[in-house]
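Below is one structure, written out as structure tokens; the observations come after it.
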Amino acid sequence: MDNQRLINISKKLSYHLRHGPEKIGLKLDKNGWANVEAILSKLHITKTELEECVSKNNKQRFAFDESRQKIRANQGHSIKDVDLELPTTIPPKILYHGTVERFLDSIMSDGLRPMSRQHVHLSDSIETAQKVGSRRGNAIILKVDTVGMIEDGMEFRVSSNGVWLTAHVPSKYLSKY
Ligand code: HQG
């Protein structure tokens, strides 16, 4: 499959598995799984193409279940009633968030909010935060004091593709990198 087709299918998968399954009449279960056969027929793609999208995806955004009959997005959902049931985990002492200057005033007063997604997305690498921020302009990197957050009872989870997730980062745990 050529790269452009791979990207196109991947974008459709991201959208339907995270945000709008109903737009193609797809059903996700409570843990976010969709039936593979349903995806194939609704997106008009072959099983081989779907497998290639999953294995070659640059961020490993999707995963099959053990039976390989179900597929879900590893993170990034906006659908409220999907629960990936990830266990809480202790993160590295510092995590990073890439954003842009125009959001800073709001972030520094209100903290990092999930906005349209279920969670605030954080990374353990400056490089990844840089890439995430650069999607919107000149990236500004924020450091998150996870030790302080955990002491204060906040929780972290990590998706199977390595994105750190939390509900809210109050601004007192944030500083500019
Ligand atoms: C900002 C992509 C104002 C936040 C990426 C961000 C990531 C606030 C935007 C993943 C705010 C939300 C997630 C506040 C947060 N006031 N702005 N209080 N709190 N923001 O896309 O982290 O390709 O939902 O800084 O690579 O940018 O989809 O989050 O700029 O991993 O797999 O509000 O999405 O991955 O934007 O990106 P997003 P994000 P995928």
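Of note:
- The equivalent ellipsoid that matches the C-alpha gyration tensor of segment 99-175 spans semi-axes of 18, 16, 11 angstrom, in descending order.
- In plain terms, the residue of Leu95, Leu40 with the fewest other Cβ atoms within 10 Å comes first and the most crowded comes last, giving Leu40, Leu95.
- For segment 45-69 versus segment 81-153, the gap between their alpha-carbon centres in whole angstrom: 27 Å
- Per-residue ellipticity at 222 nm, computed for the chain from helices alone with -39500 (n - 2.57) per DSSP H run of at least four residues, works out to -9000 deg cm²/dmol.
- Set of lysines near Lys23 by C-alpha distance (under 22 Å), chain-local residues within fewer than 8 positions excluded: Lys11, Lys12, Lys42, Lys47, Lys70, Lys80
- Using the empirical formula 2.2 N^0.38 Å as the baseline, the Cα radius of gyration of segment 29-101 reaches a ratio of 1.35.
- Once the Kirkwood radius over Cα pairs is known for segment 10-63, the Stokes-Einstein relation at 20 °C and 1.002 mPa s delivers a diffusion coefficient of 190 µm²/s.
- Segment 40-143: radius of gyration and largest Cα-Cα distance (Dmax), Å: 16.7, 48
- Taking the inverse of the mean reciprocal distance over all distinct Cα pairs, the Kirkwood hydrodynamic radius of segment 64-106 comes to 14.4 Å.
- With N as its number of residues, the chain has a Cα radius of gyration that, divided by 2.2 N^0.38 Å, comes to 1.10.
- With neighbours defined as other Cβ atoms within 10 Å of a residue's Cβ, the residues His119, His97, His44, His168 order from fewest to most as His44, His168, His119, His97.
- The C-alpha atoms of the chain define a longest principal axis, and helix 3-18 lies at about 70 degrees to it.
- The angle between the Cα long axis of helix 47-56 and the main principal axis of the chain comes to about 20°, on a 0 to 90 degree scale.
- Residue-count net charge about Ala73 - beta-carbon cut-off 10 Å; Lys, Arg +1, Asp, Glu -1: +3
- Considering only alpha-carbon pairs that sit under 8 angstrom and 6 or more positions apart, the relative contact order computed for the chain is 21 percent.
Coordinate-derived values only; no laboratory data. The structure displayed is predicted, hence computed values, not measured ones. Every residue, glycine among them, receives a Cβ derived from its backbone with ideal geometry; neighbour counts consider all protein chains shown.
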